Amino acid sequence: MYKSLLLLSLVPIAVMANPVDTEVKQCDSKHHHQMKHKSAGDMPFYLRGIELDDAQKAQIKAMMEKRHDDHKAGKADYWKNKQAIAQLTQAETLNEAELEKLVDASLKMKKQAAMDKARFHHEVFNMLTPEQQEQLQTKMAEFKKKHAH
């Protein structure tokens, strides 16, 4: 009993001897927090390991840049809508009609984003050769099999 009590009293001392790293760390120019496709040379992650020719790479890169710019442009409207919803919820009385209008607009924006994403992936898939499409489908099937619960 005495040994257990002695050991328990030493735990706080051990914790204090090894302080938690509280230093604020800054990212240098080499280490940016980027999406996965950036580390693969501006290619969608699912195309890693599939051999693309230079024309395909250039076309996909241009498509991704356009998609990124379009997404950036739509983000401002989305956040304005979210702010408007937040302001409504903090008002003294809730304007149900205005709230419904804003929620409908938000859902419309999300639907449009999902449609744009599907169109992009469709375009990428259809620019691949039949062999590349088969490689991609095999890769996707393996991924699903590996991550199936």
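The values are calculated or read from the model by the stated rules, or taken from the named source; none is laboratory data. These numbers come from a predicted model, not from an experiment. Neighbour counts are summed over all protein chains in view; Cβ atoms, including those assigned to glycine, are modelled from backbone coordinates with ideal geometry.
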List every residue pair whose Cβ atoms lie under 8 Å apart, where the two residues are 6 or more positions apart in sequence or sit on different chains, the first residue falls within region 46-61 and is touching a residue at least 60 places away in the same chain (Cβ under 8 Å), and the second residue, located anywhere, is surrounded by 13 or more Cβ atoms within 10 Å (Cβ to Cβ) and of a type in the set (D, E, K, R). Tyr46/Lys139; Gly49/Lys139; Ile50/Lys139; Ile60/Asp42
What are the residues in region 115-142 that are more than 13 Å from Tyr46 (Cβ to Cβ) and either basic (Lys, Arg) or in contact with a helix residue (DSSP H, G or I) (Cβ under 8 Å, 6 or more places away or on another chain) (or both), if any? Asp116, Arg119, Glu123, Met127
Output yes when any residue across region 31-42 is within 27 Å of Lys144 (Cα to Cα), in contact with a Phe, Trp or Tyr (Cβ under 8 Å, 6 or more places away or on another chain), surrounded by 10 or more Cβ atoms within 10 Å (Cβ to Cβ) and modelled with pLDDT under 65, and no when none is. yes
Report, by residue number, each residue of region 62-86 that is without any contact (Cβ under 8 Å) to a residue 24 or more places away in the chain and not basic (Lys, Arg). Ala62, Glu65, His68, Asp69, Ala73, Ala76, Trp79, Gln83, Ala84, Ile85, Ala86
Which residues, taken from region 68-121, are part of a helix (DSSP H, G or I) and of a type in the set (S, T, N, Q)? Asn81, Gln83, Gln87, Thr89, Ser106, Gln112
Taking Gln112 as the residue in question, decide whether it is touching a Gly at 6+ places or on another chain (Cβ under 8 Å) and either exposed (fewer than 11 other Cβ atoms within 10 Å of the Cβ) or closer than 25 Å to Tyr46 by Cβ (or both). yes
Does region 62-71 contain any residue that is loosely packed, with under 11 Cβ neighbours inside 10 Å and more than 27 Å from Phe143 (Cβ to Cβ)? yes
Residue list for region 96-128, restricted to those being polar (S, T, N, Q) and without any contact (Cβ under 8 Å) to a residue 24 or more places away in the chain: Asn126
Could you figure out which of (1) farther than 23 Å from Lys61 by Cβ; (2) modelled with pLDDT of 95 or more isn't true of Leu94? (2)
Go through region 63-110 residue by residue and tally those that are under 17 Å from the mean Cα position of the chain (by Cα) and not hydrophobic (A, V, I, L, M, F, W, C). 11
